[in-house]
Amino acid sequence: MTIGELIGAFFTTPGPGGVVVILVLGLAGAIYVLLTRWILQGGQAEEGTMRRLR
Amino acid sequence: MPRWSMVIDLDKCVACQGCSIACRMENNTPIVSPSEAALGRSMLWNDVFPLRAEEEGAIASAKARFLTRPCMHCEDPPCVKVCPVGATYQDDEGLVRQNYTRCIGCRFCTVACPYGVRYFNWYEPAWEDGLDQHLNPDRVEGRGVLEGPAVRPKGVVEKCTFCIHRLHKARARAEAEGRDFRPDEYVPACVQTCTGKARFFGDLDDANSTVSLLAQSRRAFRLLNEAGTHPKVIYLHEG
Amino acid sequence: MKARSVHPDNKHEAIILTPLQDITTIDRWLWALLLGLIGLGGYAYVRQLTLGMGVTGMNRPVYWGVYITNFVFFIGLAHSGTFISAILRLAGAEWRKPLTRAAEAITLFSLPFGVASIVVDMGRPERLLNVISHGRFQSPLLWDFTAVSLYLCSSVVFFYLSLLPDIALCRDRLTDVPAWQHRMYEILALGWQGRPEQFHRLERVLDGMAIFLAMLVVTVHTVVSWVFGMTIQPGWHTALIGPFFLLGAIFSGTAAVVIALAILRRVYHLEESLPLGLFNSLRKLLIVFTLGWLYMMVSEFLTIFYGNIPEEMEVFWQKFTGDFTWLFWAMTILVFVVPLLIFIFRGKDSIGWMVTASVLINVGMWLERFVVIVPTETRPRLLYELVQGTYRPTWVEAVITVSMFAGMFLLYAVFTRFFPIVPVWETAEEPGAEVPPVTRRRRRFGVRR
């Protein structure tokens with residue numbers, strides 16, 4: 001199978017399209033979850049030190 | 001592998017609509033009420049249209065002209081391109097097929113087809129006066145596949161298949177008799193019934209087939225050739 | 001342990017939080033009315049499901065009608081929020097701040113109905129997941145599916161993140177609300193504490209997402225238009241359809257923001273936090289969009305007219321003098337002529353006139369979507385000589401359309417009663433740079449008390 005055929009098959013075969021949808025949404029979802037956690041953790045380390053100092 | 005093609009000689013066509021009726025009986029297309037038909041919801045996989053009278057100067061042509069139109073089974077079908085689920089697809093022999101179990105009824109293909117050969121099941125199909133007792137039992141069936149004359153559920157798209165079930169039957173017969181299948185063993189119902197013998201069917205890849213020879217005619221033309229769809233239904237001009 | 005948070009000072013805080021504290025009888029009646037309309041729509045849809053798509057006015061060759069029009073319209077409306085809050089955020093337009101949430105809420109609550117329109121339009125909605133299990137990426141519908149669902153999920157996140165500090169505010173300030181409501185704030189606030197570093201990271205993420213969303217806006221609506229553009233039907237098969245749809249989307253979305261703002265200002269007495277100046281800024285934007293719309297119209301139709309290709313002209317004349325004459329010219333007047341006159345001569349400092357123009361624009365834009373989609377189908381390429389289509393929507397389509405708008409209003413109305421519709425933390429005092437350095441932020445918000 002040449003690379004051209006492979007690209008063609010990606011577009012024309014029923015199936016890969018659904019995988020793309022799942023991948024895109026899954027990736028976006030994962031990134032958003034990580035970003036949200038990152039935001040919420042902002043300043044936590046700092047506070048931990050302060051508490052220890054106290 | 002044959003490349004199925006149909007030639008329609010408009011010179012011989014008498015617009016009897018026999019092809020439409022044969023198609024209806026062969027493929028179990030549902031019958032709709034006159035009010036539904038007025039809405040443009042009648043189902044005629046093979047339809048016959050009157051053409052507008054041509055006017056040359058002040059004189060309108062007195063001769064009524066007609067065009068009969070099955071699915072073009074394009075080499076490059078716009079309907080297949082837009083189907084999101086592969087419910088309509090082109091097989092190895094160039095037939096554009098329709099899988100009723102896969103179709104989601106989005107009607108993208110019906111909109112994309114420039115020939116308007118695709119029909120949507122607006123309601124559950126119905127037949128009156130016991131006609132449903134006389135349906136064609138043939139069907140093309142497999143896992144997740146339902147094609148051909150099998151009665152369609154509501155909400156899916158259907159279209160002319162070049163009588164795919166007849167092809168399957170002819171192949172099966174050849175196999176049962178232990179010989180090779182010959183492309184001239186099968187014709188769709190409309191070709192078989194044509195009153196004026198205006199329709200020809202066969203393998204376009206066989207240089208000696210009737211369709212190949214007729215395709216060379218100077219009268220040969222294809223509908224909307226400029227649309228880039230490369231139809232495999234070839235018409236022969238009148239006169 | 002109950003989490004508590006530091007909140008930036010905002011002198012309008014009390015007024016902004018007032019609507020959240022008591023739900024009036026009028027509210028309940030309004031919600032009941034909207035729910036009733038949704039119920040009617042549900043009834044109509046069940047009828048369509050059980051009997052078949054035949055209960056709509058769609059036919060051959062007009063296979064797509066009001067539902068697809070709604071789909072394009074709702075997705076277009078959804079671009080309001082992203083435009084106002086993402087693109088203007090990138091442009092550093094400070095005036096947008098008080099109205100960001102009101103605009104984003106439109107995005108959030110109209111997108112689901114865009115998606116629902118597609119499902120309602122399907123002949124076999126129960127096979128929707130075939131798009132996942134057998135998806136073919138060659139079909140523009142798959143592009144739509146990917147782009148719209150990504151857009152939906154991204155705007156939910158964008159909206160939620162910018163709401164986070166205010167949910168925490170509700171959690172800390174609204175202690176006398178019903179227990180379940182307070183519990184809801186507690187859960188949704190995710191333990192937000194308002195630490196300076198949290199605010200800093202939030203701003204950074206919102207900025208980053210704004211860039212991504214700005215790209216998505218362009219992609220989503222272009223892809224929506226490509227569903228039409230990728231066919232070879234006359235009137236649809238034009239490269240301009242993408243930009244045209246996009247401009248129309250932002251146009252109708254911005255007009256919708258004007259309507260929403262005016263209602264909120266009036267009903268919730270937010271005159272101080274939503275100053276008149278906002279309407280004047282939006283007015284300038286809308287003037288640009290109105291003229292942009294004219295530019296697109298002229299480019300499109302002049303090209304078709306000079307090309308004089310027979311099948312294109314069939315559709316062209318359908319719009320200008322044929323079956324769609326009334327709709328076409330009504331659209332031109334509603335979207336362009338009257339709004340432009342209003343904006344230029346009456347719109348300044350007048351909310352009433354701005355709302356009038358915005359309502360007209362949105363009615364007109366719905367018509368525009370309809371006039372782009374349907375006339376082409378009545379004169380398809382081959383069939384324009386053979387079969388000529390007509391289309392008359394039925395009550396089922398009308399009721400389902402009304403119920404979808406009712407659903408959007410309901411979500412919006414309910415939302416404004418449970419969450420602050422003006423961002424409290426973003427409109428906090430001390431106007432300054434969009435993202436001040438951390439040290440200055442610390443000074444602004446103080447250290448944890």
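Taking the range C:319-351 as the range and being in contact (Cβ under 8 Å) with a residue 60 or more places away in the chain, open to solvent by 20 Å² or more (accessible area, probe 1.4 Å) and either in a helix (DSSP H, G or I) or at positive phi (or both) as the test, the residues that pass are C:Asp349, C:Ile351. Taking the range C:379-394 as the range and being surrounded by fewer than 21 Cβ atoms within 10 Å (Cβ to Cβ) and either modelled with pLDDT of 95 or more or assigned to a loop (DSSP other than H, G, I, E, B) (or both) as the test, the residues that pass are C:Val387, C:Gln388, C:Thr390, C:Arg392, C:Pro393, C:Thr394. Checking the range B:153-168 against the condition returns no match, with no residue being over 25 Å from C:Gly123 (Cα atoms) and at pLDDT below 90. Filtered by the rule that a residue be within 30 Å of C:Pro196 (Cβ to Cβ), within 11 Å of the chain's Cα centre (by Cα) and open to solvent by 80 Å² or more (accessible area, probe 1.4 Å), the range A:17-43 gives A:Ile31, A:Val33, A:Leu34. Being assigned to a loop (DSSP other than H, G, I, E, B) and facing another protein chain (nearest Cβ under 10 Å) is the filter here, so list the residues in the range B:83-94 that pass it. Hits for the range B:83-94 are B:Cys83, B:Pro84, B:Val85, B:Gly86, B:Ala87.
Among residues of the range B:3-41 being among the basic types (Lys, Arg) and closer than 30 Å to B:Arg218 by Cα, the one that is most open to solvent (accessible area, probe 1.4 Å) is B:Lys12. Is the range B:129-148 home to any residue that is crowded, with 20+ Cβ neighbours inside 10 Å and in contact with a Cys (Cβ under 6 Å, 6 or more places away or on another chain)? Scanning the range B:129-148 turns up no residue that is crowded, with 20+ Cβ neighbours inside 10 Å and in contact with a Cys (Cβ under 6 Å, 6 or more places away or on another chain).
Exactly one residue out of B:Arg152, B:Arg143 is within 14 Å of chain C (Cβ to nearest Cβ), under 30 Å from C:Gly52 (Cα atoms) and without any contact (Cβ under 8 Å) to a residue 24 or more places away in the chain: that is B:Arg143. Residues of the range C:182-194 that are open to solvent by 10 Å² or more (accessible area, probe 1.4 Å) and either under 18 Å from C:Ala428 (Cβ atoms) or in a helix (DSSP H, G or I) (or both): C:His182, C:Arg183, C:Met184, C:Glu186, C:Ile187, C:Leu188, C:Gln193.
The rows are residues; the columns are (1) in a helix (DSSP H, G or I); (2) at positive phi.
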| residue | (1), (2) |
| --- | --- |
| B:Tyr115 | no, no |
| B:Trp122 | no, no |
| B:Asp129 | no, yes |
| B:Gln133 | yes, no |
| B:Pro137 | no, no |
| B:Val151 | no, no |
| B:Gly155 | no, yes |
| B:His165 | yes, no |
| B:Lys169 | yes, no |
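Scanning the range C:329-388 for residues being over 30 Å from B:Arg65 (Cα atoms) and not aliphatic (A, V, I, L, M) gives a total of 21.
Here C:Leu367 does not fit the description of being surrounded by fewer than 20 Cβ atoms within 10 Å (Cβ to Cβ) and aliphatic (A, V, I, L, M). For the range B:95-128, a residue qualifies if it is more than 7 Å from chain C (Cβ to nearest Cβ), farther than 20 Å from C:Met122 by Cα and open to solvent by less than 10 Å² (accessible area, probe 1.4 Å), and the qualifying residues are B:Leu95, B:Val96.
Tell me which residues, restricted to the range C:106-140, are of a type in the set (A, V, I, L, M, F, W, C), part of a helix (DSSP H, G or I), open to solvent by 20 Å² or more (accessible area, probe 1.4 Å) and farther than 18 Å from A:Leu23 by Cβ. Working first, answer last.
Narrowing the range C:106-140 to residues of a type in the set (A, V, I, L, M, F, W, C): C:106, C:108-109, C:111, C:113, C:115-116, C:118-120, C:122, C:128-129, C:131-132, C:137.
Still in the running and part of a helix (DSSP H, G or I): C:106, C:108-109, C:111, C:113, C:115-116, C:118-120, C:131-132.
Subsequent filtering for residues that are open to solvent by 20 Å² or more (accessible area, probe 1.4 Å) retains C:108-109, C:113, C:115-116, C:118-119, C:132.
Hits for the range C:106-140 are C:Leu108, C:Phe109, C:Phe113, C:Val115, C:Ala116, C:Ile118, C:Val119.
Every condition in (1) open to solvent by 10 Å² or more (accessible area, probe 1.4 Å); (2) more than 10 Å from chain B (Cβ to nearest Cβ); (3) part of a helix (DSSP H, G or I) holds for C:Gly92 except the one numbered (3). The set of residues in the range C:136-191 being facing chain A (nearest Cβ under 7 Å) and of a type in the set (Phe, Trp, Tyr) consists of C:Phe137, C:Phe145.
Suppose the filter is more than 16 Å from C:Val363 (Cα to Cα), within 19 Å of the chain's Cα centre (by Cα) and open to solvent by 30 Å² or more (accessible area, probe 1.4 Å); does C:Pro275 pass it?
Numbers: more than 16 Å from C:Val363 (Cα to Cα): yes; within 19 Å of the chain's Cα centre (by Cα): no; open to solvent by 30 Å² or more (accessible area, probe 1.4 Å): yes.
It is false that C:Pro275 is more than 16 Å from C:Val363 (Cα to Cα), within 19 Å of the chain's Cα centre (by Cα) and open to solvent by 30 Å² or more (accessible area, probe 1.4 Å).
In the range C:3-32, of all residues being in contact (Cβ under 8 Å) with a residue 60 or more places away in the chain and open to solvent by 50 Å² or more (accessible area, probe 1.4 Å), the one that is farthest from C:Leu169 (Cα to Cα) corresponds to C:Leu30.
Selection of the range C:225-254 for residues being of a type in the set (A, V, I, L, M) and within 13 Å of another protein chain (Cβ to nearest Cβ) yields C:Val227, C:Met230, C:Ile232. If you check C:Arg60 against the conditions, is it away from chain B (no Cβ under 12 Å) and either touching a Phe, Trp or Tyr at 6+ places or on another chain (Cβ under 8 Å) or open to solvent by less than 20 Å² (accessible area, probe 1.4 Å) (or both)? Considered against the rule, which asks whether it is away from chain B (no Cβ under 12 Å) and either touching a Phe, Trp or Tyr at 6+ places or on another chain (Cβ under 8 Å) or open to solvent by less than 20 Å² (accessible area, probe 1.4 Å) (or both), C:Arg60 comes out as no. Of all the residues in the range B:42-53, those that are within 20 Å of B:Leu131 (Cβ to Cβ) and open to solvent by 60 Å² or more (accessible area, probe 1.4 Å) number 0.
Would you mind stating whether C:Ile287 is of a type in the set (A, V, I, L, M), open to solvent by 10 Å² or more (accessible area, probe 1.4 Å), modelled with pLDDT under 95 and touching a helix residue (DSSP H, G or I) at 6+ places or on another chain (Cβ under 9 Å)? Break it down into steps so the answer makes sense when it comes.
On the way: of a type in the set (A, V, I, L, M): yes; open to solvent by 10 Å² or more (accessible area, probe 1.4 Å): yes; modelled with pLDDT under 95: yes; touching a helix residue (DSSP H, G or I) at 6+ places or on another chain (Cβ under 9 Å): yes.
Yes; evaluated as a whole, the condition is true for this residue.
Note on the range B:199-231: residues that are in a loop (DSSP other than H, G, I, E, B) and either within 14 Å of chain C (Cβ to nearest Cβ) or at pLDDT 95 or above (or both) amount to 7. Any chance the range B:160-170 includes a residue that's open to solvent by less than 10 Å² (accessible area, probe 1.4 Å), more than 24 Å from B:Pro78 (Cα to Cα) and of a type in the set (Gly, Ala, Ser)? Taking every residue of the range B:160-170 in turn, at least one turns out to be open to solvent by less than 10 Å² (accessible area, probe 1.4 Å), more than 24 Å from B:Pro78 (Cα to Cα) and of a type in the set (Gly, Ala, Ser).
The values are calculated or read from the model by the stated rules, or taken from the named source; none is laboratory data. If you're wondering where the values come from, they're calculated on a predicted model, not measured in any experiment. Every residue, glycine as well, gets a Cβ built from its backbone with ideal geometry; the counts of neighbours run over all protein chains shown. Heads up: the accessible areas ignore ligands, DNA and RNA and are worked out on the full protein's heavy atoms, side chains in. Shrake-Rupley method; radii C 1.70, N 1.55, O 1.52, S 1.80 Å.
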